[in-house]
């Protein structure tokens, strides 16, 4: 049906073009990369309403110029299809804009200073909440560490009366001070408290005497987090507004939102009804909300004909992250041989939900970072597909992150039609220390295997996992084609055979990302009849030297034919 609508619309455009239908918007004056194999480059684009009316030469596009047509001259800049954030957390991005940001912290001492400053501005007893620290990225290590993590004493000293809860960059661990632990009643017996209330799949890091160090991994975070006051409707509204503004500043025209609950879905529907959405949303329902899932499985997906709010996916979590050693591995961690990570949910549950989703027309998107997690999830998908071959023909189930895969499992993605939704920027941030977790052999044979997956026939969807990483797609593009840190190291990149070409990297942020949401026929390329979503860059990402990519800036973001962001006019 979608294909038919696009064909009909394109036919009407062709018929009307002979009558010189006036465009609402014409863009020319720079390189336009269309990501359309039939017409990869263009000089000009014309837009009518929310859709693309014409793609071709500057000479021909002027035939669509009318009295009210708006003209955008690129002045040598570069335009691409609107960039799609293939895996992010929209509300997490918004709340990060409102809380203590720790992603640029370079040491434990610097983190403590930031908290000290926040305490000076806070009311007595007010919670200090933040996110973004990562101990393996610090330039200097704390004097005291336990199992690779800092301990709470310095943090507690600067905030004796304000509870502090600081989420790890990955979201899979958190750091609390003594006041927060006292409020939560965390003590020597908290292991039993954890298992009673939240089951397995979590760890409280302890010192040699058994005392909590302030580090809570995976589900153990909930021992503290449940005491933090919930956001109000007003703060949630503000967070959503800030998140959309951040997306637009970074050239993002759509986000695949990786896990929304009932409250978030209701807020998104409200914004859509009030025509306040500025970024297109592709929603994955949080699997932790059983009533929400049951309701959607009963009633089916929300397929929005305007493509502003689509709800047709489910988010599962099979394991944790490498940084917190929660990723589920086939063999023990190299730097902590007593553990191989942990599953965060039963594989029977993955299979059950996969069956339900197939039957109800939903896509399943499962977080899997470790090689065992990837294998176990692929096994459950394969079993569900075999039981319902008709529904599985174009199910497009996804594995989110697919960060570390056993070599024997790499071809299975394409064979099963499973989409690896990966975040190239994770290599830039994590590869320097990830080798400590996995060792050289596992890193080289199975980590960040973009090119191997592409060569096998898989569609790789790119993104940032914001707020785990900043939402900036230019950094993701740089990582994709260089496999370097953002400091440009090492020369030649890590495991260079797995680099993407620039064309592949652009496609992973546009056409393949659209494919990952069943939307490749309406977006992802600059083609007649598709949605007029565009990102305009200050320079040519496809030709500038590698060391100049990161100096590129988003200068304009257009969604549905409307200019929603212009650099310098924020």
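The values are calculated or read from the model by the stated rules, or taken from the named source; none is laboratory data. On a predicted model such as this, the values are computed, not experimentally measured, just so you know. Glycine also receives a Cβ, built like all others from the backbone with ideal geometry; neighbour counts cover every protein chain displayed.
Of all the criteria given as (1) assigned to a loop (DSSP other than H, G, I, E, B); (2) modelled with pLDDT of 95 or more; (3) under 22 Å from residue 507 (Cβ atoms), the one not satisfied by residue 489 is (3). When 554, 563 are checked against the criterion of being touching a strand residue (DSSP E or B) at 6+ places or on another chain (Cβ under 8 Å), crowded, with 18+ Cβ neighbours inside 10 Å and closer than 25 Å to residue 69 by Cβ, 554 stands alone in meeting it. Total residues in region 247-266 satisfying the condition of being in contact with a helix residue (DSSP H, G or I) (Cβ under 6 Å, 6 or more places away or on another chain) and in a helix (DSSP H, G or I): the figure is 2. Taken over region 530-551, the residue count meeting the criterion of being surrounded by fewer than 22 Cβ atoms within 10 Å (Cβ to Cβ) and assigned to a loop (DSSP other than H, G, I, E, B) is 7.
Checking region 353-370 against the condition returns no match, with no residue being touching a residue at least 60 places away in the same chain (Cβ under 8 Å), farther than 25 Å from residue 302 by Cβ and in contact with a helix residue (DSSP H, G or I) (Cβ under 8 Å, 6 or more places away or on another chain). If you go through region 506-529 and keep only what is surrounded by 24 or more Cβ atoms within 10 Å (Cβ to Cβ) and at positive phi, you end up with just 524.
Could you please let me know if residue 455 is surrounded by fewer than 24 Cβ atoms within 10 Å (Cβ to Cβ) and in contact (Cβ under 8 Å) with a residue 12 or more places away in the chain? When the stated conditions are applied, residue 455 does not pass them.
Do you know which of the residues in region 290-309 that are closer than 14 Å to residue 362 by Cβ and touching a strand residue (DSSP E or B) at 6+ places or on another chain (Cβ under 9 Å) is surrounded by the most Cβ atoms within 10 Å (Cβ to Cβ)?
Narrowing region 290-309 to residues closer than 14 Å to residue 362 by Cβ: 292-303.
The next check asks that each one be touching a strand residue (DSSP E or B) at 6+ places or on another chain (Cβ under 9 Å); those that pass are 292-293, 296-297, 300-303.
Working: 292: 18, 293: 19, 296: 23, 297: 18, 300: 12, 301: 19, 302: 13, 303: 13.
Top of the filtered list is 296.
Restricting attention to region 413-443, the residues being in contact with a helix residue (DSSP H, G or I) (Cβ under 7 Å, 6 or more places away or on another chain) and surrounded by fewer than 21 Cβ atoms within 10 Å (Cβ to Cβ) number 4.
Which one of these is at pLDDT below 95 and touching a helix residue (DSSP H, G or I) at 6+ places or on another chain (Cβ under 6 Å): 469, 498? So that I can check it myself, show each step before the final result.
Values: 498 fails: at pLDDT below 95.
Residue meeting the stated conditions: 469.
Across region 206-243, the qualifying residues are those that are buried (at least 22 other Cβ atoms within 10 Å of the Cβ) and out of contact with any helix residue (DSSP H, G or I) (no Cβ under 8 Å at 6 or more places or on another chain), and the one among them that is farthest from residue 463 (Cα to Cα) is 215.
Here is a check on your reading of the model: is residue 333 part of a loop (DSSP other than H, G, I, E, B) and under 22 Å from the mean Cα position of the chain (by Cα)?
Working: part of a loop (DSSP other than H, G, I, E, B): yes; under 22 Å from the mean Cα position of the chain (by Cα): no.
So residue 333 does not fit the description; no.
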